[in-house]
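Participant: Starting off with a structure, shown below.
Computed from the coordinates by the stated procedures, all read-outs in this text should not be read as laboratory data. None of these values were measured; they are calculated from a predicted model. Note that each Cβ is placed from the backbone with ideal geometry, even for glycine, and that neighbours are counted across all protein chains shown.
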Amino acid sequence: MWRGEGGAKTLYARCFTSDASRNSVRRTLLIVFVLWGFAFALACRLLSMPDQQKRNDESFADKMLGGIRYEISGELYEHADSVFHKGVGHAPKESVPDWFAKMRRQVAPRGHAHLHHEGTLEIMPWLYFSTRADPGNVTAYAVAAYWLAREAGRLDLAEGVLNEALRNNPSDYRVYMEKGNLAMKEGKYKKAARFLDAAYLRLSGTNNMDEVYPPAAAPETTRDKDQVRIDRAEILVYRGLLYEMQGSPDNALRCYREIVKIFPGRVNLKERMIELEKNGRSPTPPEKLAETLLFPRRYVCAEDEDE
Amino acid sequence: MIRILVIARTVWIETIRRKDLYVLITLLLAFLLALMTLNVFGLRNLVSYIKEAGLLLAWVFAWILTIGVSVRQLPQEEKTGTIFSLLAKPVKRSELIIGKWLGAWGIAGASTIIFYILLAGIVRARGGNFNLALTVEAWILHFCFMGILSAMGILFSTRMNSDAAATLTGVLSAVAFMLLPQVPQLAEDLSGWRKESLFIIYYALPHFELFDLRQRLVHDWETMSWEPFIMIVFYGLLMSAVFLMLGWLAYRKKRFNRDVF
């Protein structure tokens, strides 16, 4: 049937005139058939999965990247910090002062500079990618929400970010703490109180609630333990201010006494406690103090503090 | 000189006929358009991440194109047998090497201009800014980087087939770019022959990081001072000359086997 005239004959002559050609064509057809079979099976698998099962499966980041996604997320977060400092990274000091080191200093941007105002939002894509690589990176969510609320004035977008963080990290106290802070910025004090209470319950070693609300991750390092102490104090100070606004100085004092146990050097807080014990209120209204704490005039960088 | 330019012109025409360049341009456009459609926490009109990703892609694609074009020139001539008619013209081997290098370097440089123009257009459409003087400065240094890279590719292709030359050029250039700046810190913990060996590698390999002005361009810093700029350009030309010289030394006595064809 292949011995036809014209194009068919030419096709026959090209494809089937030698054993090598025949084998090559067979091999190609076999490869194409195997690939097609694989693609068909994969399509059936993907299309037949019910929605519930898909939701329970690992995320795309888990499947594609495995454990390395945590490193990638960390690197992307560091890159967001570098972008905030206008491309000036934490470069190590050059130990060999040769011509190449001198030229590297000329090429790379130098100095301590920050993005300002709306320019700060340029760090958002890197925080976004960081959270996509690791949805458990609560720090990236918190930083994104902070700058969205502060520089863009978009409290609604900040709330969206924290809601996503809550969906992905329902037992991490930091998410509740940030939501409480955000609610205070919005002036929604009852909502803020609820979230700060939820954050406090989820702190490890609090009220034996670890079984009901297990902490997201036990602080292993000294740095983590220090941060938990700082966060505990922050939750308590805002909760104390909310108690003052509600007219409950005794509850407020209870919060402040706990802070002083953690950080005995907080002189201003001790003075406020004395005023509360004596007069039932402090000269500085709690709303004003909360505003000062929640809306600092200037962002203080870690490098600024070193200087 | 005319012979060199004619050889370079054939490299240009051959590369333009192939699909490599168009595939890379299409890929760059596709990546950038995909990045533009991202909804980053509900924000729009963010630009610097597109600049950064676009410049990274421009560098990666230029790297791929430069290595791909440079390493196949000499092996292709030998494989097809056209090397004999070429050298019988007469064309000196040094002219052949310089012509091939000039062609590969030129087409890679021209492609990079297209990448930069595409990226600048997309960034401007998004409301961003590209400092023209700084962009020109960045492109010139990038061009010098491609000069060294194509000279490396030509050098290795004098004695290897195109695949081996491409692999070696790719690996060496990637290692030089990423690790050389860290060598002084790495060497601090070493002593003796290990430290000496590390510094030999540090000074022997080209320092590609000196040609990378992407961070300045992304974050709108001021242009570099002209003195270090000129010094780095001179360093780039010098390194290219060194690799071309080594390539000529490797190629000048090479015998071609007719029976292979």
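Participant: Given the options B:Leu28, B:Leu186, B:Leu210, state which has the largest fluctuation in a GNM of chain B using a 10 Å cut-off (strictly under) for Cα springs.
Facilitator: Of the options given, B:Leu186 has the highest mean-square fluctuation.
Participant: Report the chymotrypsin sites (Phe, Trp or Tyr not before Pro) located in region B:183-213 that are in a DSSP loop and have at most 16 other Cβ atoms inside 10 Å of their Cβ, or state none. Spell out each step's value before the answer.
Facilitator: Working: sites: B:Trp193, B:Phe199, B:Tyr202, B:Tyr203, B:Phe208, B:Phe211; in loops: none.
Hits after loop and neighbour filter: nothing returned.
Participant: Same structure, new question: When the Kirkwood hydrodynamic radius is evaluated over all pairs of different C-alpha atoms of region B:74-129, what value in angstrom, to one decimal, is obtained? Show your work: numbers first, answer last.
Facilitator: Working: mean 1/r = 0.0719 Å⁻¹.
Evaluated over region B:74-129, this radius sits at 13.9 Å.
Participant: Could you work out the relative contact order of chain B, using alpha carbon pairs under 8 angstrom and six or more residues apart, expressed as a whole percent? Don't skip to the end; give the middle numbers.
Facilitator: Numbers: 264 pairs, mean separation 73.3, N = 261.
Relative contact order for chain B comes out at 28 percent.
Participant: Starting from the 7 Å offset along Cα-to-Cβ, what nm value, one decimal, do you get for the label separation of B:Ile114 and B:Val60?
Facilitator: 1.9
Participant: What is the fewest-to-most order of B:Ile2, B:Ile97, B:Ile230 by other Cβ atoms lying within 10 Å of their Cβ?
Facilitator: Numbers: B:Ile2 7, B:Ile97 26, B:Ile230 11.
If I rank by nearby Cβ atoms, fewest first, I get B:Ile2, B:Ile230, B:Ile97.
Participant: Now for a separate question. Count neighbours as other Cβ atoms within 10 Å of each site's Cβ, and list the GluC sites (Glu not before Pro) in region B:134-207 that are DSSP loop with at most 13 such neighbours.
Facilitator: Details: sites: B:Glu137, B:Glu188, B:Glu196; in loops: B:Glu188.
Sites meeting the loop and neighbour criteria: B:Glu188.
Participant: Turning to a different aspect of this structure: Quantify how strongly other chains surround peptide A:105-112 by giving the mean number of their Cβ atoms within 10 Å of each of its Cβ atoms. Before the final figure, lay out each step's value.
Facilitator: Values: counts 1, 8, 12, 8, 8, 1, 1, 0.
Per residue, the average neighbour count from other chains is 5.
Participant: Got a sec to turn the phi values of region A:250-263 into Karplus ³J(HN,Hα) couplings, 6.51 cos²θ - 1.76 cosθ + 1.60 with θ = phi - 60°, whole Hz, x for Gly and Pro?
Facilitator: These are the phi-based 3J(HN,Hα) values: 5, 5, 5, 5, 4, 5, 5, 5, 5, 5, 5, 5, 6, 10 Hz.
Participant: Which of B:Ile113, B:Ile201, B:Ile232 moves the most in a Gaussian network model of chain B with Cα springs under 10 Å?
Facilitator: B:Ile201
Participant: Next question, about the same structure. Based on the Cβ-Cβ distance from A:Lys188 to B:Ile200, what FRET efficiency comes out when R0 is 41 Å, to the nearest 0.05?
Facilitator: Rounded to the nearest 0.05, the efficiency is 0.05.
Participant: Select from B:Ile140, A:Asn163, A:Tyr173 the residue farthest towards the positive end of the dipole of the protein assembly as shown; place +1 on Cβ of Lys and Arg, -1 on Cβ of Asp and Glu, and compute about the Cα centre.
Facilitator: Value computed over the given set: B:Ile140.
Participant: For chain B, take the alpha-carbon Rg, divide it by the Kirkwood Rh, and send me Rg/Rh. Before the final figure, lay out each step's value.
Facilitator: On the way: Rg = 20.2 Å, Rh = 19.9 Å.
Computed over Cα atoms, the ratio is 1.02.
Participant: Quick one: Debye curve from the alpha-carbon atoms of the protein assembly as shown only, equal weights, vacuum; give me log10 I(q)/I(0) at q = 0.07, 0.08 Å⁻¹ to two decimals.
Facilitator: Normalising to I(0) and taking log10 leaves -0.63, -0.77.
Participant: Just grab the label-to-label distance for A:Ser24 and A:Ile274, each label 7 Å out from Cα along the Cβ direction, in nm (one decimal).
Facilitator: Placing both labels 7 Å beyond Cα along the Cβ direction yields 9.6 nm.
Participant: Calculate, for B:Met245 and B:Leu87, the FRET efficiency according to 1/(1 + (r/R0)^6) with r their C-beta to C-beta distance and R0 22 Å; round to the nearest 0.05. Can you show the working numbers first?
Facilitator: On the way: r = 19 Å, r/R0 = 0.88.
Efficiency at R0 = 22 Å is approximately 0.70.
Participant: Among B:Thr169, B:Thr80, B:Thr135, which one moves the most in a GNM of chain B with springs linking Cα atoms closer than 10 Å?
Facilitator: Highest fluctuation of the listed residues: B:Thr80.
Participant: With labels modelled as points extended 7 Å from the Cα through the Cβ direction, what inter-label distance (nm, one decimal) is found for A:Asp156 paired with A:Cys44?
Facilitator: Using points 7 Å along Cα→Cβ, the separation is 4.8 nm.
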